[in-house]
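Have a look at the structure below before the remarks.
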Amino acid sequence: MPFRTTHRTARRIPRGASSDPRPAPGATGGDPRTAGSPGAPDAPGGSGPKVAPRTPNTPPAGRRRGEGAWGWLFVSPMVLILGLFLVLPILMALWVSLLHWDGQSNPFSGQAKFVGLDNYRALLTEDGLDRTLFATSLRNNVYYVALTVPLQTGLALVLALIVNQRLLRARGALRTTFFFPSVTSSIAVSTVFLFLFQGSGAVNTLLSWIGVKGPNWFADSRGVLSTLLGGLGIVDPDHPTGVLADHSFMGLSWYEWLSGPSVAMCTIILLAVWTTSGTFMLIFLAALQDIPRELEEAAAIEGVNRRQMLRHVTLPALRPVLFLVLTLGTIATWQVFDQVYVMGQGAPGNTTLTPAFLSYSTAFDDADFGQGAAIAFILLTLILIITALQRWALRERGPRPGRNR
């Protein structure tokens, strides 16, 4: 039967071309695509198809300048407010810290005496009452921070883990109960603590029921650590001797630095832990509820118990929130003022004195606003340094890159 070609299968062969369908030597097997045509595979070692470079879709320079101007226009009210009520007062206080100013004249009119860094020298290097009081306030605040921040952070995390249980009944009521002290006025709570911890208060009454004679909390200036060591017979709290008594730092002996917080300061620490744990509990609770359930379910399938779940799953997921809580707690504890003002104002024996209250009393009670401002700036520097150290300690640590072999 003769072969017929139709209009669908007929193929027009150019003149001079071979009608042999076999590929020529060196050709790419029957693939009609060539190396230079779009969609053709790259030859080994070849440059492949060239794609035209894309032009970036960027707005013209004039348009970018216009957007920047509109952006500054929208943020200008907030920048103006921050500059007027935050940056400008800080610069003014910095200038006051270089003066000997009693607050009765204009510090920018030249009537106040310029003393330079004398206020800072009196607090840090020169022997005298100013440095001794400042060192005492630092010692008290160091113990306050070292005990309050870990206690309130740990308690807040435990409370958050408790109220985050899905099978727990009355979770809303428990959250409200734990959070309620945080929204109560600190002045009111401090006043209540004064009645609870006085000599014949409710706390000493409860202690007497178990045969313990409670101290006069807000009038006891003994250091807790020195009292404990004295009870064990290691040191004599009334007449310390040896290396701890012979060496000093900033006007305080090593024994005074290491004697521990006073009984009165421990009461303020209990108050701070009780009133701040609720706020940090809510922060931890929000972070716990943001952890994917699939991650916990996968760990449970692997046979991980609760302790391992907390250590290897929950706590790593809470690292950023933990840094936030520690930073907020550290800043707040270094700035403690209202509880000290209500519950003792430094008494007894300056064992509840803090740098924030010392700055206030130096400026407004002793009419030395220059030294009061200097105390505030030293405190600001300490807070910034400690915050930077916390950020470094809690930073994300990625795997170390291996050696290239």
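Computed quantities for the displayed model
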| quantity | calculated |
| --- | --- |
| Å² of accessible area per residue within segment 298-405, as computed with a 1.4 Å probe and no ligands counted | 61 Å² |
| Cut-off 9 Å between beta-carbons: net charge of the residues surrounding V163, Lys and Arg +1, Asp and Glu -1 | +2 |
| Extension gain, V142 back to L174 (0.36 nm per residue minus Cα-Cα distance, nm) | 8.3 nm |
| Å² of accessible area per residue within segment 223-265, as computed with a 1.4 Å probe and no ligands counted | 58 Å² |
| Among N350, T330, L315 - extreme Cα towards positive end, dipole of segment 315-405, charges at beta-carbon | L315 |
| Extension gain from L384 to F114, taking 0.36 nm per residue of separation minus the Cα-Cα distance | 94.5 nm |
| Simple spin-label estimate for L258 and D290 in nanometres, 7 Å along Cα-Cβ | 4.3 nm |
| Potential extension, V304-D338 segment - 0.36 nm per residue separation minus Cα distance | 7.7 nm |
| T184/L394 FRET efficiency (R0 35 Å; Cβ-Cβ; nearest 0.05) | 0.70 |
| Percent carbon-and-sulfur accessible area, segment 158-198, ignoring ligands, DNA and RNA, probe 1.4 Å | 69 percent |
| Apportionment of accessible area to carbon and sulfur, segment 307-385, percent (1.4 Å) | 62 percent |
| For segment 173-183, Karplus couplings with θ = phi - 60° (6.51, -1.76, 1.60), whole Hz, Gly/Pro x | 5, 5, 4, 5, 5, 5, 8, 4, x, 6, 9 |
| Surface per residue (accessible, 1.4 Å probe) for segment 115-208, Å² | 53 Å² |
| Inter-label distance, nm, simple model (7 Å from Cα along the C-beta direction), A69/I81 | 2.6 nm |
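The values are calculated or read from the model by the stated rules, or taken from the named source; none is laboratory data. This is a predicted model, so every value here is computed, not measured. Methodologically, a virtual Cβ is constructed for each residue, glycine included, from the backbone with ideal geometry; neighbour enumeration extends over all protein chains shown. Accessible surface is based on the protein model in full, side chains and every heavy atom, while ligands, DNA and RNA are left aside. Shrake-Rupley method; radii C 1.70, N 1.55, O 1.52, S 1.80 Å.
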